[in-house]
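The values are calculated or read from the model by the stated rules, or taken from the named source; none is laboratory data. These numbers come from a predicted model, not from an experiment. Here the Cβ positions follow ideal geometry from the backbone for every residue, glycine too, while neighbour counts run over all protein chains shown. All accessible areas refer to the heavy atoms of the entire protein, side chains included, with ligands and DNA or RNA removed. Shrake-Rupley method; radii C 1.70, N 1.55, O 1.52, S 1.80 Å.
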Amino acid sequence: MAEIVIGYDGSDCGRAALAEGVTLAKELGDKVRIVFGFAPGGAGGGEVPTQREAVHELGERITAEAAAKASEAGVDHEVEMLNEHAAHALVDVAREHDARMIVVGTHGESPLRGAILGSTAHRLVQIAERPVLIVHADGD
Amino acid sequence: MESASATVGAGSEPGGKGLKADAIGYLTNLVISVASVAPAYSLAATLGFIVAIDGMGVHAPAVMVVSFIPMLLIAAAYYYMNRADPDCGTSFTWVTRAMGPQMGWLTGWAIVVADVVVMATLAYIAGKYTFLLFEWDSAAHSLLAVSIVAAIWIAVMTWICYVGIELSAATQRILLSVEVFTLAAFAIVALVKVYSGGAPAESLHIGLDWFSPFGLPGGSSALIDGVLLGVFIYWGWDSGVCVNEESTDSARGPGKAAVMSTILLVLIYVVVAASAQAFAGTEALTSHKNDVLANLGGPVLGSPLDKLLIITVLTSASASTQTTILPTARTTLSMARFGSIPSAFGKIHPRHLTPSVSTLAMGAVSLVWSLFIINVSQNVLGDSITGLGFQIAFYYGLTGFACAIYYRRELFRSARNFVMAGVVPFLGGAMLTYIFVKAFIDNAPVDSAYSGGVFGLGAADVIGVGLLVVGAVLLVFANFIYPRFFRRKLETAPPHFLEGGPTGPAVETVTPE
């Protein structure tokens, strides 16, 4: 069974990606792998592990919702949480499971804004080794 | 509550990345350590004040060396505490484990207070140097104009931390290279001009006594006052200790980076201090203590390279601001998760994944404090940085003691354990305690401070120690509100931990309440 990797962070971007990814998986008979990636502060200092833990708890809550949605749609699914920047986490997971594609959401930021704010979609298209499907968060 | 740290995913698994990744992790830690200390900004803020101390004479470079000693000793404490558990946080968590919740809470308070106080100096330098960059001198000397830029600066920096924008490691390396290069160019050109007769008449030839901590006209009091300022210039290398993810050998790499960065820093400080003093003489540095690098840039480097020096101070200050807001927000996040302060501080922004309430609170408090102190103090930099020295000495000192206490049962297993995990951190703590007490006495007279005094004490003592006393009062209340936290038991290193493998946490999970 091929897999579709979905970047999910609980935002409207993540929800758009999840909806599209689950629909595709259903049609293709694929499994979805819901990925939540986060690496706290490269700019160092302070109690980094605590932030990682707090984010991890948040991630568990959020991905549980996503998993419930996939179940509802009757799609086979798994959740992965990685201590890595989202784009890199997606690429690594996709490689590891030889995924068919990666699905992420975007707000349609301009390239400059995307670069400054660290848009995952923006970063992903630069480093991904396999097809990337980018879904606009503001509708169809 | 069960901790989530046991389920960190495959991406952080050590050992899978090979040597190259390890080297990069090490370099990144080193860069982050040095960049967080912000040498250009630290020099801009303190060099003039160290030279200006009564009875300092020509010994400012010696102060740079002596201040380095307690910091190096405390670096050993960071190294060993980090090794005990790379996942256990920093000073607040360590002191809480080793010395109990009361001391731990005060440590957390000291970290937060120090970070708020330093924001005033950062914002002030940002304001002043921004106007100096455009040679708008009247604005640079206007409290109102500097206050406006300072407020904007803090707001923007807080927003950056709140949204979670981060410079990549590569960008940080470039910025730091420019910083080190500019400071080196400044030092070399200054020295060439001194010895080729291109320097002002007040210039001095470097003497061996510049580097000697003995024979100061003002004796040990002048030296200790200098060291209290000197402690500030090395502050921040602990940032590198905490960046674990990118090093494959996370139990040892970051600690080593902290030690290496301290050595690199002492070189920068000694060389720049000596060359600045050789070029301009002590009096010019004293009379321009508030904008010492901006004032020297023109005569030494000439136009337009002097602007590079100002820009370097500004980028350095912005790096320092970020590595002030973020770690403070994480410290209060940690304190909230341990159940020792209101739980709102433990909130994480659902989209940005940053500590939202903690970050905004830090920004707001800093803004109020900065505007207050810039407009009230006769000399923001002088009084604040001396005050900061007390707070830094307090929590670095406690970290040193915490290390010796945490490992106390392991110390007699080998000479190495005894010296490195016991004697060295303890000595660091003892030295900082001595500096704290001695400097408090020296700074007590109202006329010793730039801004006079409050409650019959010098302003630096009030800012430095007064704010710690406020913390002690709040601690009494906290005991009633958060009884569970204050019933925590002390912890020690697991038996034979230091003889065990080089990796692997001593404690399996962090256990916030």
(message) Taking amide H atoms as placed 1.01 Å from N in the peptide plane, list the residues 5 or more away in sequence, or in a different chain, whose amide H sits under 5 Å from that of A:Ile34.
(response) A:Ile6, A:Glu78, A:Val79, A:Glu80
(message) How many angstrom lie between the Cα centre of region B:361-437 and the Cα centre of region B:203-234?
(response) 20 Å
(message) Could you report the protein assembly as shown's accessible area per residue, 1.4 Å probe, as an integer in Å²?
(response) 38 Å²
(request) State which entries of B:Lys128/B:Lys347; B:Lys289/B:Lys438; A:Lys26/B:Lys347 exceed 32 angstrom in Cα-Cα distance in the structure shown. (result) B:Lys128/B:Lys347; A:Lys26/B:Lys347
(message) In whole Hz and in residue order, list the ³J(HN,Hα) couplings for region A:14-19 that follow from phi through the Karplus curve 6.51 cos²θ - 1.76 cosθ + 1.60, θ = phi - 60°; x for Gly and Pro.
(response) x, 5, 4, 5, 4, 4
(request) Provide a list, ordered by number, of residues in region B:340-355 showing at least 30 Å² less accessible area with every protein chain present than when their chain is taken on its own, using a 1.4 Å probe. (result) B:Ile348, B:Pro350, B:Arg351, B:Leu353
(request) Averaging sequence separations of C-alpha pairs under 8 Å and six or more residues apart, then dividing by the length of chain B, give the relative contact order as a whole percent. (result) 31 percent
(request) Measure off, as a whole percent, the carbon and sulfur share of the 1.4 Å-probe accessible area of region A:48-140, all protein chains present. (result) 50 percent
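Sort A:Glu109, A:Glu96 from largest to smallest accessible area, using a 1.4 Å probe on the heavy atoms of the protein chains. Before the final figure, lay out each step's value.
On the way: A:Glu109 50, A:Glu96 120 Å².
Correct descending sequence by accessible area is A:Glu96, A:Glu109.
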(request) Kindly express, to the nearest 10 degrees and within the range 0 to 90, the angle between helix B:356-376's C-alpha long axis and the longest C-alpha principal axis of chain B. (result) 30 degrees
(message) Quick one: 3J(HN,Hα) in Hz for region B:282-289, Karplus 6.51/-1.76/1.60 with θ = phi - 60°, rounded, Gly and Pro as x.
(response) 6, 5, 5, 5, 5, 6, 10, 5
(message) Buried accessible area between A and B (1.4 Å probe, both chains summed, ligands and nucleic acids excluded), in Å² to the nearest 100?
(response) 3300 Å²
(request) Set the Förster distance to 41 Å, then compute FRET efficiency between A:Ser71 and B:Leu474 from the Cβ-Cβ distance, nearest 0.05. (result) 0.30
(request) Note the angle between two axes, namely the Cα long axis of helix B:467-481 and the longest principal axis of the Cα atoms of chain B, as a number of degrees from 0 to 90, rounded to the nearest 10. (result) 20 degrees
(message) Taking 0.36 nm per residue of sequence separation and subtracting the Cα-Cα distance, how much length would be gained by fully extending the chain between B:Ala444 and B:Val365, in nm to one decimal?
(response) 25.8 nm
(request) May I ask you to derive the FRET efficiency for B:Arg351 and B:Asp54 from their Cβ-Cβ distance with R0 = 60 Å, giving the value to the nearest 0.05? (result) 0.65
(request) Mind checking which of A:Ala89, A:Thr23, A:Thr63 is farthest towards the positive end of region A:1-97's charge dipole, using Cβ charges of +1 (Lys, Arg) and -1 (Asp, Glu) about the Cα centre? (result) A:Thr23
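For A:Met1 and A:Leu112 in the same chain, what is the full-extension length gain: residue separation times 0.36 nm, less their Cα-Cα distance, in nm?
36.1 nm
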